[in-house]
1. Can you pull out the GluC sites (Glu not before Pro) in region A:5-84 whose DSSP state is coil and whose Cβ has at most 10 other Cβ atoms within 10 Å?
2. Pull up the cross-link candidates among the lysines for B:K55, meaning alpha carbon to alpha carbon under 30 Å and not fewer than 8 places away within one chain.
3. Across peptide A:91-101, what mean number of C-beta atoms from other chains lies inside 10 Å of a residue's C-beta?
4. Shielding of B:9-19 by partners, i.e. mean partner chain Cβ atoms within 10 Å per residue?
5. Would you work out if chain B is rounded, prolate or oblate? Take a ≥ b ≥ c from the square roots of the eigenvalues of the alpha-carbon gyration tensor; rounded if a/c is under 1.5, else prolate when a/b is larger than b/c, oblate otherwise.
6. Can you give the charge dipole size of region A:5-64 about its Cα centre, rounded to the nearest 20 debye, using +1 on the beta carbon of Lys and Arg and -1 on the beta carbon of Asp and Glu?
7. Apply the Karplus parameterisation 6.51 cos²θ - 1.76 cosθ + 1.60, with θ equal to phi minus 60°, to every residue of region B:22-38 and state each ³J(HN,Hα) to the nearest whole Hz, in sequence, with x for glycine and proline.
8. In whole Hz, with x marking every Gly and Pro, tabulate ³J(HN,Hα) for region B:93-110 from phi via Karplus 6.51 cos²θ - 1.76 cosθ + 1.60, θ = phi - 60°.
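Computed from the coordinates by the stated procedures, all read-outs in this text should not be read as laboratory data. In this text the structure is predicted, and so the values were computed from the model without any measurement. A quick note on method: Cβ atoms are made from the backbone with ideal geometry, for glycine too, and the neighbour counts reach across all protein chains shown.
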Amino acid sequence: EPEVTQTPSHQVTQMGQEVILRCVPISNHLYFYWYRQILGQKVEFLVSFYNNEISEKSEIFDDQFSVERPDGSNFTLKIRSTKLEDSAMYFCASSFNRGTSYTFGSGTRLTVV
Amino acid sequence: KNEVEQSPQNLTAQEGEFITINCSYSVGISALHWLQQHPGGGIVSLFMLSSGKKKHGRLIATINIQEKHSSLHITASHPRDSAVYICAVATQGGSEKLVFGKGMKLTVNP
């Protein structure tokens with residue numbers, strides 16, 4: 001069964017450093033998403049991406065965050081200057097179309113120290 | 001007020017029991033998703049539904065749009081069903097995001 005692949009599975013970074021989280025969505029999917037889950041809290045929407053541009057973003061997704069689909073297969077989330085409160089599990093997801101089911105990746109646990 | 005509420009927050013059951021997990025929402029939706037999150041953290045999509053009922057193996061999901069309520073039933077529960085079950089909704093109005101509930105932690109003892 002097709003999978004969404006995320007790398008790395010766990011990343012530890014120092015406060016103020018830039019991090020890039022990587023995702024390979026399912027190949028024929030057209031919509032891509034990033035969500036995050038702070039430990040003990042519910043999953044929160046960050047951003048959706050379609051047709052090579054951001055289609056929707058949340059208030060969390062400020063200027064410190066950016067997304068890119070650099071080569072037609074990878075979908076990346078960059079945090080420019082990490083803060084302690086960015087520590088969370090970050091999930092990538094993809095769907096074939098709007099209103100269809102999602103496939104989630106296994107997540108990247110980001111720890112900012 | 002949370003847009004998506006789940007009950008109970010935790011449930012412990014014995015193997016073989018019939019389990020019901022509830023989800024209520026306060027907004028207009030285009031679809032409701034039931035998801036499973038294992039201890040390692042990964043999320044698996046179980047169902048997406050906008051009306052009626054869906055069944056997959058021992059899992060049954062129902063939704064009542066008028067009452068803004070959905071249930072996930074597990075028949076003949078097994079210890080491997082132990083996980084967090086999350087309800088999430090896609091809201092009406094063209095938004096693509098899912099709004100998540102807090103999840104319900106299920107433990108099934110042998």
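1. When the GluC sites (Glu not before Pro) of region A:5-84 are filtered for loop state and at most 10 Cβ neighbours within 10 Å, A:E59 remain.
2. Straight-distance partners of B:K55: A:K42, B:K68, B:K97, B:K102, B:K105.
3. Mean number of neighbouring Cβ atoms from other chains: 3.
4. Counting Cβ atoms of other protein chains within 10 Å of each residue's Cβ and averaging gives 0.
5. It comes out prolate by the Cα gyration axes.
6. 300
7. Each residue of region B:22-38 in turn: 10, 9, 10, 9, 10, 10, x, 10, 9, 6, 10, 10, 10, 10, 10, 10, 8 Hz.
8. x, x, 5, 8, 7, 9, 9, 9, x, 7, x, 10, 8, 9, 10, 10, 8, x
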